Amino acid sequence: MDNKIILTGIKPTGMPHLGNYVGALKPLIAQSQTHKTFVFIADLHALNSIHNPAEIKRHTYEIAALLIALGLNTDNAILFRQSDIDAVYKLNTFLMNITPKGLMNRAHSYKAMLEKNAALGDDPDNGVNMGLYTYPILMSADILLYNSDIVPVGADQKQHVEFARDIAEYFNRTYGDVFKLPEPQIGRDNGLIPGLDGRKMSKSYDNTIPLFAPENELKKKIMRIITDSKLPTDVKNPDESTIFLLYRHFASDNEIAHMRELFEKGQIGYGDAKKMLFEKINSVLAAPREKYEYLMSHTAELDKILADGATRADVVANKTIERVRHAMLG
Ligand code: TRP
């Protein structure tokens, strides 16, 4: 236990999948048991791509319900909605004025849009709103507002956290020591959780298993995992099998060793291995899924938790914004 402050944001753009669970959500919840932790739902960041309020609202509840269902203890961890904190809009405006435009030009997500447009022969700025372009500034505001030390993110967000650190350094150099310098923490398992087709599980490959799919959908997805054509009696390398690679994230050490042996001795077919995988995942996720469904039909409880989180986050955020206001405006 150290006294580092952990902070992360989750964009409400859809139901997370098993890869997100293993690589990000599970470790985050574990870390929140030993560290002061801020977790927020980044609804302002979702605005650059979703322009339907009902959709953002539903996804916001989904993320909140999911975190609580998975065991996030909101007495310790501060869970809140990004847009509930007035100070974040303020800090965003302050940071705009010290962030070089060139830094934004280098952002991977923005560059990816430019490349996509170029490939289609479209205008380079087609589909790029200023929310997307300045996304890393708002994200820096999120990170710096709560004095974060460690920011757990997926590898795709590492650059954004580095930008937050750069921006904090520019700021401190100009105005004195106001901000702590945050560090990204990239999930150890990131990229190693295979999807249905054996590639990394990712929405962009359309090969995901949603975390809280209904039981029959979970089963259907698992039965659809692509395998080679080895027979049950053939010797199989478990470390090359999507089935085993998923199983090892849910089963106990003994169970993992058992499945490994069945593969290596040619004592199990893929169909039966998939059944074992389904039973395991389903037994691990059944209780959280029930809690998730309960919360999704009792959103007033979520509102209460989020409002309480916002009150606690506000206290920290307002102190920071006063320091910044004083540093910049006297
Ligand atoms: N940009 C992150 C994502 O798309 C979400 C996010 C917003 C975030 N603000 C943050 C993550 C601050 C960490 C810290 O996944």
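The values are calculated or read from the model by the stated rules, or taken from the named source; none is laboratory data. Just so you know, these numbers come straight off a predicted model, no measurement behind them. Counting neighbours? That spans all protein chains shown, and the Cβs are built from the backbone with ideal geometry, glycine included.
Within region 1-114, considering only helices (runs of 4 or more DSSP H) that don't extend past its boundaries, which have at least 1 residues that are within 12 Å of the ligand (Cβ to nearest atom) and in contact with a strand residue (DSSP E or B) (Cβ under 7 Å, 6 or more places away or on another chain)? Lay out the reasoning, then the answer.
On the way: elements: 26-32, 43-46, 53-69, 86-96, 101-105.
Of the helices (runs of 4 or more DSSP H) lying wholly inside region 1-114, those with at least 1 residues that are within 12 Å of the ligand (Cβ to nearest atom) and in contact with a strand residue (DSSP E or B) (Cβ under 7 Å, 6 or more places away or on another chain) span 26-32, 43-46, 53-69.
If you scan region 212-234, which residues turn out to be aliphatic (A, V, I, L, M) and part of a helix (DSSP H, G or I)?
Those that are aliphatic (A, V, I, L, M) and part of a helix (DSSP H, G or I): LEU218, ILE222, MET223.
How about region 250-270: which of its residues are among the aromatic types (Phe, Trp, Tyr) and either more than 19 Å from LEU192 (Cα to Cα) or buried (at least 21 other Cβ atoms within 10 Å of the Cβ) (or both)? Break it down stepwise before answering.
Taking region 250-270 as the starting set, the residues that turn out to be among the aromatic types (Phe, Trp, Tyr) are 250, 263, 270.
Within region 250-270, PHE263, TYR270 qualify.
Kindly establish whether ILE167 is under 15 Å from ILE6 (Cα atoms) and either assigned by TED's automatic domain parsing to the domain that holds ILE321 or in contact (Cβ under 8 Å) with a residue 40 or more places away in the chain (or both).
no
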Candidate set: region 115-127, residues that are small (Gly, Ala, Ser) and part of a loop (DSSP other than H, G, I, E, B); chosen: the one nearest to PHE163 (Cα to Cα): GLY127
Residue in region 12-23 that is β-branched (Val, Ile, Thr), modelled with pLDDT under 95 and in contact with an Asp or Glu (Cβ under 7 Å, 6 or more places away or on another chain) present: yes
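Quick one: is ILE186 within 13 Å of the ligand (Cβ to nearest atom) and free of Cβ contacts under 8 Å to residues at least 40 places away in the same chain? Spell out the reasoning first.
Numbers: within 13 Å of the ligand (Cβ to nearest atom): yes; free of Cβ contacts under 8 Å to residues at least 40 places away in the same chain: yes.
Answer is yes for this residue.
Take THR13 and decide whether it is farther than 16 Å from PRO288 by Cβ, crowded, with 22+ Cβ neighbours inside 10 Å and either of a type outside the set (A, V, I, L, M) or outside the structural domain of ALA251 (by TED's automatic domain parsing) (or both).
Numbers: farther than 16 Å from PRO288 by Cβ: yes; crowded, with 22+ Cβ neighbours inside 10 Å: no; either of a type outside the set (A, V, I, L, M) or outside the structural domain of ALA251 (by TED's automatic domain parsing) (or both): yes.
The answer is no for THR13.
If you take the residues of region 196-249 that are small (Gly, Ala, Ser) and more than 18 Å from ASN282 (Cβ to Cβ), which of them is surrounded by the most Cβ atoms within 10 Å (Cβ to Cβ)? Step through it out loud before you land on a result.
If we filter region 196-249 for residues that are small (Gly, Ala, Ser), which is where we start, we get 198, 202, 204, 213, 229, 241.
After this cut, where a residue has to be more than 18 Å from ASN282 (Cβ to Cβ) as well, the list is 198, 202, 204, 229, 241.
Numbers: GLY198: 17, SER202: 17, SER204: 7, SER229: 6, SER241: 22.
Once the filter is applied, the top-ranked residue is SER241.
Against the condition out of contact with any Gly (no Cβ under 6 Å at 6 or more places or on another chain), of a type outside the set (Ser, Thr, Tyr) and more than 23 Å from ILE29 (Cα to Cα), how does LYS280 come out, does it pass? I'd like the intermediate steps shown before the answer.
On the way: out of contact with any Gly (no Cβ under 6 Å at 6 or more places or on another chain): yes; of a type outside the set (Ser, Thr, Tyr): yes; more than 23 Å from ILE29 (Cα to Cα): no.
When the stated conditions are applied, LYS280 does not pass them.
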Members of region 240-261 that are hydrophobic (A, V, I, L, M, F, W, C) and either in contact (Cβ under 8 Å) with a residue 12 or more places away in the chain or closer than 21 Å to LYS219 by Cα (or both): ILE243, PHE244, LEU245, LEU246, PHE250, ALA251, ILE256, MET259
Residue under evaluation GLU55, criteria (1) in contact with a Pro (Cβ under 8 Å, 6 or more places away or on another chain); (2) closer than 17 Å to LEU302 by Cβ; (3) free of Cβ contacts under 8 Å to residues at least 60 places away in the same chain, criterion not met: (1)
Residue match in region 156-163 (condition: within 15 Å of the ligand (Cβ to nearest atom), among the charged types (D, E, K, R) and under 30 Å from ARG289 (Cβ atoms)): yes
Any hit, region 180-202, residues being assigned by TED's automatic domain parsing to the domain that holds MET104, part of a helix (DSSP H, G or I) and of a type outside the set (Asp, Glu): no
Within region 115-151, considering residues that are loosely packed, with under 15 Cβ neighbours inside 10 Å and either at positive phi or not assigned by TED's automatic domain parsing to the domain that holds ARG165 (or both), the one farthest from the ligand (Cβ to nearest atom): GLY121
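Output the residues belonging to region 16-38 that are of a type in the set (Val, Ile, Thr) and surrounded by fewer than 23 Cβ atoms within 10 Å (Cβ to Cβ).
Of the residues in region 16-38, the ones of a type in the set (Val, Ile, Thr) are 22, 29, 34, 37.
Of everything in region 16-38, those that are of a type in the set (Val, Ile, Thr) and surrounded by fewer than 23 Cβ atoms within 10 Å (Cβ to Cβ) turn out to be VAL22, ILE29, THR34.
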Exclusive hit being assigned by TED's automatic domain parsing to the domain that holds TYR135, under 28 Å from MET130 (Cα atoms) and among the hydroxyl-bearing types (Ser, Thr, Tyr), set THR74, THR60: THR60
